[in-house]
Amino acid sequence: MAANSWTLEIASPVSAPRLFRAAVMDWHTLAPKLVSDVVASAHPVEGEGGIGSVRQFNFTSVMPFKFMKEKLDFLDADKCEAKSTLIEGGGIGVAIETATSHIKVEPAANGGSVVKVDSTYKLLPGVEVNDEINKAKESVTAIFKAAEAYLIANPDAYNN
């Protein structure tokens with residue numbers, strides 16, 4: 001089966017570096033605090049946060065799967081850009097053969113930012129996509145909006 005993809009753009013009043021650090025690089029620390037109804041816990045599995053690092057997110061019963069592990073394939077923190085691959089959980093082996101995400105947080109003219117997400121996936125034979133793409137987009141949007149709200153409420157957080 002051929003690979004499929006979806007894209008998403010999210011505008012934010014928060015600067016690109018702060019939003020990238022909070023919602024991408026440090027999400028394993030913030031998620032259990034900010035979205036505890038979805039993420040029960042999260043932790044690094046391998047590495048120190050650079051390329052090749054793996055982190056695991058454990059979900060509550062509201063999610064259709066118990067956990068997911070993602071591997072960081074590319075990182076340019078200065079350009080607020082990262083690529084990761086889903087390597088275990090999250091539908092891998094059940095509905096999805098492979099899944100990757102490319103996230104770039106770009107500065108916007110107003111001092112805020114625009115999050116650009118490009119997700120590519122390959123379904124297992126016989127699996128059809130129904131609402132999953134919309135649910136995935138909603139989940140990604142919720143992640144960035146939760147980080148945004150935290151950063152607005154905590155103006156000194158993630159400034160360095």
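Structural remarks
- Candidates A31, A2 - the one that is more than 18 Å from A153 (Cβ to Cβ) and at pLDDT below 95: A2
Here's the yes/no breakdown for (1) of a type outside the set (V, I, T); (2) touching a Leu at 6+ places or on another chain (Cβ under 8 Å); (3) free of Cβ contacts under 8 Å to residues at least 24 places away in the same chain:
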position: H28; (1), (2), (3): yes, no, no
position: P32; (1), (2), (3): yes, no, yes
position: G50; (1), (2), (3): yes, yes, no
position: A82; (1), (2), (3): yes, yes, no
position: I87; (1), (2), (3): no, no, no
position: T100; (1), (2), (3): no, yes, no
position: V117; (1), (2), (3): no, yes, no
position: K122; (1), (2), (3): yes, no, no
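- Residue in segment 76-85 that is touching a strand residue (DSSP E or B) at 6+ places or on another chain (Cβ under 9 Å) and more than 23 Å from S12 (Cα to Cα) present: yes
- Of all residues assigned to segment 95-109, at least one qualifies as being assigned to a loop (DSSP other than H, G, I, E, B) and at pLDDT below 90.
- Subset of segment 139-160 (residues that are outside any loop (DSSP other than H, G, I, E, B) and closer than 14 Å to P13 by Cβ): F144, K145, A147, E148, A149, Y150, L151, I152, A153
- Matching residues, segment 72-110, being among the small types (G, A, S) and touching a His at 6+ places or on another chain (Cβ under 8 Å): A82
- Extreme residue, surrounded by the most Cβ atoms within 10 Å (Cβ to Cβ), among residues of segment 90-138 that are of a type in the set (K, R) and closer than 18 Å to L8 by Cβ: K104
- Between S36, S5, the distinction of being open to solvent by 30 Å² or more (accessible area, probe 1.4 Å), of a type in the set (G, A, S) and not in a strand (DSSP E or B) belongs to S36 only.
The values are calculated or read from the model by the stated rules, or taken from the named source; none is laboratory data. Remember, it's a predicted structure, so these values are computed and weren't measured experimentally. Note: ideal-geometry Cβ built from the backbone for every residue, glycine included; neighbour counts use all protein chains shown. SASA here: full protein model, heavy atoms, side chains in, ligands and nucleic acids out. Shrake-Rupley method; radii C 1.70, N 1.55, O 1.52, S 1.80 Å.
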